[in-house]
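> Questions regarding the structure given below will be posed in turn.
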Amino acid sequence: HLHHPPSSFFFIYFVYHRASSLVKSTMPHSKKPKLTHDDAASAVSISSDELAMIFGHFGPVEILPLRRVCKKWNEAAKNTVPLVAFQVNDEKSHHTMKTMSSALPNLQQLNLDRDYDYSNQIEFQYAHGEDPNEEAQRNYHFGNSIIVTHEIDMISNFTKLRVLKLYFTQLNGSYPHLFNFPLLEHFSLQRCHNLKWDLGMLAGFPLLKELVCCAGERLTGNINSLRVLKDTLEKVVLECCPQVEGNFMDLDFPHLKILDLHCNMDSITGDIRDMSEASFPKLEKLHLPKSVYGGNRSEIMRISDAKDLIATIYSIKKQRHRHPSLFEDDDWYLSKSSPDSYQDDSQNQFLFCIVRAGSRLGWRWGQQLCDRYVHFRFEVNWLDPLPANGSSKYQSYIEGFQEIESYMGTSPCFRGYHEPPSEAVYYQLTREYRPSPSQEEAERREVIRVFHDKIWDAYRRKREYTR
């Protein structure tokens, strides 16, 4: 979209390398490459605004030497909007960020990572904010590391920030200037254990679309304070933020696509039975804590209660605009304190989940064995009718059903049972079950598969959060 022909871009690219060599070269002054008269004439013919547009095709680090060519280029650099993120993960990049705060104030994407010099045992941290946690800070350092402190207040100069990501950043206390970026759209905090802040501070991001906070032990507030962002938020991920409270239904926003509240979020309340067809119209993924009725790993007190919970989930999944994968990564458990639990088998626990074969939905019980990570599965309770024989849906159903049946090979003693039987019948079946060598191999493969699924699920979640 440049007004000048593409040759202008290649000219700047050529001059960039010339400028870099002039700035960095250790050659004698008489032998350093010179800009020719034609080069200078071409540079003068390009306006400062057009230079800024061209500079935007380079990364922030590449733009810095360009500003030293002349005053015009220096002004163009200040007006440049870099399209590439800048990452701060060592002392050198921190000093570069400090330079950028005045030379490239229009930086749009900034990532702050943990900085530790393992070879010299030097740990870099940022200056304490308001109300720091001194005890946590003393317990957080590696052995006898040397502590070097950096300033962080210069970040407030990047008033055009749209993406700010902090990973394992050594922040301790409250930093109000981190929450005043009127154009910010993506805000991610991961493992910033001692950063003290409140959800109400996000009002300083009126255009925020994505919020991710993992391991925010000092994050406080009620999720209803996010309602000031209800017209912009598309993704909310809060993991291991035990001081956050509120009803998840308060986040019923018109554009919200991902709502993930899990892992030590027991102060979150709510009931999925409150979800009407008009609730969460754009939702694609929902992951709720066990403190919510219907949340992942939530518990029921009687085996018969499972049908009521599944009926609620099924009715939600069948609502007109619902994403097909909703609730299909969740498990629900029979409480160990349930009168239906087996008294002589307190270490193992029954659970149930949604299953899918093609487009056909069902649900099934299983038993999680604490020492083997394997789920003994029961027969499927189908919710949808069987697709018509010969249709395309029928073929995909058969393929999915065969996969479901393959899992039954690890627990044939429960074939014919759609829910956990009485304790006496259960122990009689397990005593009679003697796996063949092929079944033992299938069980071994099942253990490996479940372990692999857990590893892959953890990796997938990490990728989602960092994205």
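> Of everything in the stretch 134-151 that's in contact with an Asp or Glu (Cβ under 9 Å, 6 or more places away or on another chain) and more than 15 Å from Phe168 (Cβ to Cβ), which residue is modelled with the lowest pLDDT?
That would be Ile146.
> It is to be established whether one or more residues within the stretch 328-348 are touching an Asp or Glu at 6+ places or on another chain (Cβ under 6 Å), open to solvent by 20 Å² or more (accessible area, probe 1.4 Å) and either within 26 Å of Glu399 (Cα to Cα) or of a type outside the set (Phe, Trp, Tyr) (or both).
Checked the stretch 328-348: no residue is touching an Asp or Glu at 6+ places or on another chain (Cβ under 6 Å), open to solvent by 20 Å² or more (accessible area, probe 1.4 Å) and either within 26 Å of Glu399 (Cα to Cα) or of a type outside the set (Phe, Trp, Tyr) (or both).
> Counting only residues that are of a type in the set (Phe, Trp, Tyr) and in a helix (DSSP H, G or I), which one in the stretch 48-99 is nearest to Tyr126 (Cα to Cα)?
Within the stretch 48-99, the match that is nearest to Tyr126 (Cα to Cα) is Phe55.
> So, one more: Would you mind stating whether Phe401 is under 35 Å from the mean Cα position of the chain (by Cα), among the aromatic types (Phe, Trp, Tyr) and either modelled with pLDDT of 80 or more or open to solvent by 50 Å² or more (accessible area, probe 1.4 Å) (or both)?
yes
> Considering Ser291, Ser325, Ser298, which residue is open to solvent by less than 20 Å² (accessible area, probe 1.4 Å) and small (Gly, Ala, Ser)?
Ser298
> Give the number of residues within the stretch 265-288 that are farther than 16 Å from Thr220 by Cα, over 15 Å from the mean Cα position of the chain (by Cα) and surrounded by 17 or more Cβ atoms within 10 Å (Cβ to Cβ). Can you show your working first?
Initially, the stretch 265-288 is screened for residues farther than 16 Å from Thr220 by Cα, giving 270-288.
From what's left, over 15 Å from the mean Cα position of the chain (by Cα): 270-283.
Filter once more, so that each one left must be surrounded by 17 or more Cβ atoms within 10 Å (Cβ to Cβ): 270, 272, 275, 280, 283.
Qualifying residue count, the stretch 265-288: 5.
> Which residues, taken from the stretch 305-322, are within 27 Å of the chain's Cα centre (by Cα), surrounded by 14 or more Cβ atoms within 10 Å (Cβ to Cβ) and touching a residue at least 40 places away in the same chain (Cβ under 8 Å)?
Ile313, Tyr314, Ile316, Lys317, Gln319
> Report whether or not His418 is open to solvent by 60 Å² or more (accessible area, probe 1.4 Å) and either touching a strand residue (DSSP E or B) at 6+ places or on another chain (Cβ under 9 Å) or modelled with pLDDT of 90 or more (or both).
Against the criterion (open to solvent by 60 Å² or more (accessible area, probe 1.4 Å) and either touching a strand residue (DSSP E or B) at 6+ places or on another chain (Cβ under 9 Å) or modelled with pLDDT of 90 or more (or both)), His418 qualifies.
> In addition: Consider Thr80 against the criteria (1) at pLDDT 90 or above; (2) hydroxyl-bearing (Ser, Thr, Tyr); (3) farther than 16 Å from Leu161 by Cβ: it satisfies all of them except one. Which criterion is unmet?
(3)
> Considering only residues that are open to solvent by 20 Å² or more (accessible area, probe 1.4 Å) and under 20 Å from Phe124 (Cα atoms), which ones fall in the stretch 157-173?
Scanning the stretch 157-173 gives Lys165, Tyr167, Phe168.
> Does Val228 meet the test of being open to solvent by 50 Å² or more (accessible area, probe 1.4 Å), outside any loop (DSSP other than H, G, I, E, B) and more than 22 Å from Tyr314 (Cα to Cα)? Break it down stepwise before answering.
Values: open to solvent by 50 Å² or more (accessible area, probe 1.4 Å): yes; outside any loop (DSSP other than H, G, I, E, B): yes; more than 22 Å from Tyr314 (Cα to Cα): yes.
Answer is yes for this residue.
> Filtering the stretch 387-398 down to residues that are open to solvent by less than 100 Å² (accessible area, probe 1.4 Å) and assigned to a loop (DSSP other than H, G, I, E, B), which residue is nearest to Ile310 (Cα to Cα)?
The residue in question is Pro387.
> Which ones in the stretch 174-188 are among the aliphatic types (A, V, I, L, M) and surrounded by 19 or more Cβ atoms within 10 Å (Cβ to Cβ)?
Leu178, Leu184
> Answer yes or no as to whether Leu233 is open to solvent by 50 Å² or more (accessible area, probe 1.4 Å), hydrophobic (A, V, I, L, M, F, W, C) and part of a loop (DSSP other than H, G, I, E, B).
Considered against the rule, which asks whether it is open to solvent by 50 Å² or more (accessible area, probe 1.4 Å), hydrophobic (A, V, I, L, M, F, W, C) and part of a loop (DSSP other than H, G, I, E, B), Leu233 comes out as no.
> From the set of residues in the stretch 254-264 that are modelled with pLDDT of 95 or more and not basic (Lys, Arg), which is surrounded by the fewest Cβ atoms within 10 Å (Cβ to Cβ)? Spell out the reasoning first.
Initially, the stretch 254-264 is screened for residues modelled with pLDDT of 95 or more, giving 254-261.
Imposing the further condition that a residue be not basic (Lys, Arg) reduces the set to 254-256, 258-261.
Working: Pro254: 12, His255: 14, Leu256: 23, Ile258: 18, Leu259: 22, Asp260: 22, Leu261: 25.
The extreme case among them is Pro254.
> Right, something else. Scan the stretch 334-376 for residues that are at pLDDT below 80 and assigned to a loop (DSSP other than H, G, I, E, B) and report the count.
The number of residues fulfilling the criteria is 11.
> Does Tyr342 satisfy being on the phi < 0 side of the Ramachandran plot, in contact (Cβ under 8 Å) with a residue 60 or more places away in the chain and aromatic (Phe, Trp, Tyr)? Please lay out each step first, then the result.
On the way: on the phi < 0 side of the Ramachandran plot: yes; in contact (Cβ under 8 Å) with a residue 60 or more places away in the chain: yes; aromatic (Phe, Trp, Tyr): yes.
Answer is yes for this residue.
The values are calculated or read from the model by the stated rules, or taken from the named source; none is laboratory data. Model, not experiment: these values are computed from the prediction. Methodologically, a virtual Cβ is constructed for each residue, glycine included, from the backbone with ideal geometry; neighbour enumeration extends over all protein chains shown. Quick note on the areas: whole protein, heavy atoms, side chains included, nothing else; ligands and nucleic acids left out. Shrake-Rupley method; radii C 1.70, N 1.55, O 1.52, S 1.80 Å.
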